[in-house]
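A.B. asks: Quick one: structure below, then a few questions.
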Amino acid sequence: MQIIIPTKRRVDQQLTLQSLPRELLKWTTLVCPKDEAVSLCRLYKDVDIVVEPEGYMTIARIRAWIMRTWLEAGYKKILMLDDDLTFSTRTSEGDWHLREIQGDELIPEFERLDNKLGPDFPHVGFGPRQWNKAKKAGWKTPDRMIYSLGYYLPIVVNECELGRIETREDYDVTLQLLRKGYPNAVWHRTVTDQREAYAPGGCSCYRTIESSNADVYKLARLHPGYVHVPEEEKTYKTSPERLEPICLWPKALEDGRSQK
């Protein structure tokens, strides 16, 4: 499984990369704008650096390009990670409290995703730290996928219309696959977290509250009956103006399976 980290305007702040052990760095590629490639090469000699084909592409477009390009190169499985992540795991089997992990402790966790990812579960990932204590430790099918996106490319590229929405493009891909009967699996014993959710760089270079909210409505139009946009009931506490869609993941999968 290839690990791909799209990055932008964070040359000196590669949080995700800094957490990974040397063994995983062998399979890791940073994808960046052309004018950041030389600096990244100097700083991170253990990983491959690939330049995105156009200057400063949005995350939706760059993820679509990555999926198509890696499939054309003969790879079947990739895990795309945000560049600003930390990793944590449950302190014990019966305890929801989390402790941060990095380095070699991550190897079996990434292997777990690699083993799960394939034709039966063509989209997998780590759960987010947010609301983790309300989840059972282990796999959940189906569920929301953010921050870490494992894709079995022969199915995802051929079954999905990629890059058709700029914000919450990850939600769109998940819903497209579920509605076609392809289950995902999200691992909630080990989770990812954004240490600084609104740090400079990345999507903050171009995303605004207005564009984000407009895409919530677009997501609802793309998936009628599976996405709801509550105006007040569910917004971000750190950014009350930003809407958060409610997605009916189980219904999408149930309906997709019934139509297969």
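A.B. asks: When you scan segment 29-36, do you find a residue that is more than 24 Å from Phe126 (Cα to Cα) and in contact (Cβ under 8 Å) with a residue 24 or more places away in the chain, even just one?
C.D. replies: Applying the first criterion (more than 24 Å from Phe126 (Cα to Cα)) to segment 29-36 yields 33-36.
Filter once more, so that each one left must be in contact (Cβ under 8 Å) with a residue 24 or more places away in the chain: 33, 36.
Within segment 29-36, one or more residues are more than 24 Å from Phe126 (Cα to Cα) and in contact (Cβ under 8 Å) with a residue 24 or more places away in the chain.
A.B. asks: A further question on this structure: Identify, from the list Asp120, Asp95, Asp114, Asp82, the residue that is modelled with pLDDT under 95 and not small (Gly, Ala, Ser).
C.D. replies: Asp95 is the lone residue from the list that is modelled with pLDDT under 95 and not small (Gly, Ala, Ser).
A.B. asks: Here is a further query. Can you name every residue in segment 98-140 that is of a type outside the set (A, V, I, L, M), in contact with a helix residue (DSSP H, G or I) (Cβ under 8 Å, 6 or more places away or on another chain) and either closer than 19 Å to Pro21 by Cα or without any contact (Cβ under 8 Å) to a residue 12 or more places away in the chain (or both)? I'd like the intermediate steps shown before the answer.
C.D. replies: Initially, segment 98-140 is screened for residues of a type outside the set (A, V, I, L, M), giving 99-100, 102-105, 108-112, 114-116, 118-123, 125-133, 135-136, 138-140.
Those still in the list that are in contact with a helix residue (DSSP H, G or I) (Cβ under 8 Å, 6 or more places away or on another chain) too: 102-104, 110, 119, 122-123, 125-126, 139.
Once the filter is applied, which keeps residues that are of a type outside the set (A, V, I, L, M), in contact with a helix residue (DSSP H, G or I) (Cβ under 8 Å, 6 or more places away or on another chain) and either closer than 19 Å to Pro21 by Cα or without any contact (Cβ under 8 Å) to a residue 12 or more places away in the chain (or both), segment 98-140 yields Gln102, Gly103, Asp104, Phe110, Gly125, Phe126.
A.B. asks: Select the strands (runs of 3 or more DSSP E) contained entirely in segment 1-88, then report the ones holding at least 3 residues which are β-branched (Val, Ile, Thr) and over 18 Å from Gln102 (Cα atoms). Full working, then the answer.
C.D. replies: Working: elements: 2-6, 28-32, 48-51, 77-81.
In segment 1-88, the matching strands (runs of 3 or more DSSP E) lie at 48-51.
A.B. asks: Does segment 44-55 contain at least one residue that is modelled with pLDDT under 95, loosely packed, with under 13 Cβ neighbours inside 10 Å and touching a Lys or Arg at 6+ places or on another chain (Cβ under 7 Å)?
C.D. replies: The answer is yes; a qualifying residue exists.
A.B. asks: Something else: Among (1) part of a loop (DSSP other than H, G, I, E, B); (2) closer than 19 Å to Pro21 by Cβ, which single condition is Asp143 missing?
C.D. replies: (2)
A.B. asks: If you scan segment 49-85, which residues turn out to be on the phi > 0 side of the Ramachandran plot and touching a residue at least 12 places away in the same chain (Cβ under 8 Å)?
C.D. replies: First pass over segment 49-85, keeping only residues on the phi > 0 side of the Ramachandran plot: 56, 74.
Across segment 49-85, the qualifying residue is only Tyr56.
A.B. asks: Tell me whether segment 118-133 contains one or more residues that are aliphatic (A, V, I, L, M) and either closer than 17 Å to Tyr226 by Cβ or over 14 Å from the mean Cα position of the chain (by Cα) (or both). If you could, list the steps in order and put the result at the bottom.
C.D. replies: Our first condition is that a residue be aliphatic (A, V, I, L, M); within segment 118-133, this holds for 124.
After this cut, where a residue has to be either closer than 17 Å to Tyr226 by Cβ or over 14 Å from the mean Cα position of the chain (by Cα) (or both) as well, the list is none.
No, every residue in segment 118-133 fails to be aliphatic (A, V, I, L, M) and either closer than 17 Å to Tyr226 by Cβ or over 14 Å from the mean Cα position of the chain (by Cα) (or both).
A.B. asks: Could you list all residues from segment 89-125 that are in a helix (DSSP H, G or I) and of a type outside the set (A, V, I, L, M)?
C.D. replies: Selection gives Gly103, Asp104, Glu105, Pro108, Glu109, Phe110, Glu111, Arg112, Asp114, Asn115, Lys116.
A.B. asks: Just one of Thr16, Thr28, Thr7, Thr58 is at pLDDT below 95, within 16 Å of the chain's Cα centre (by Cα) and polar (S, T, N, Q); which is it?
C.D. replies: Numbers: Thr16 fails: at pLDDT below 95; Thr28 fails: at pLDDT below 95; Thr7 fails: at pLDDT below 95.
Result: Thr58 is the single residue among Thr16, Thr28, Thr7, Thr58 that is at pLDDT below 95, within 16 Å of the chain's Cα centre (by Cα) and polar (S, T, N, Q).
The values are calculated or read from the model by the stated rules, or taken from the named source; none is laboratory data. Everything numeric here is computed off the predicted structure, so don't read it as measured data. Every residue, glycine among them, receives a Cβ derived from its backbone with ideal geometry; neighbour counts consider all protein chains shown.
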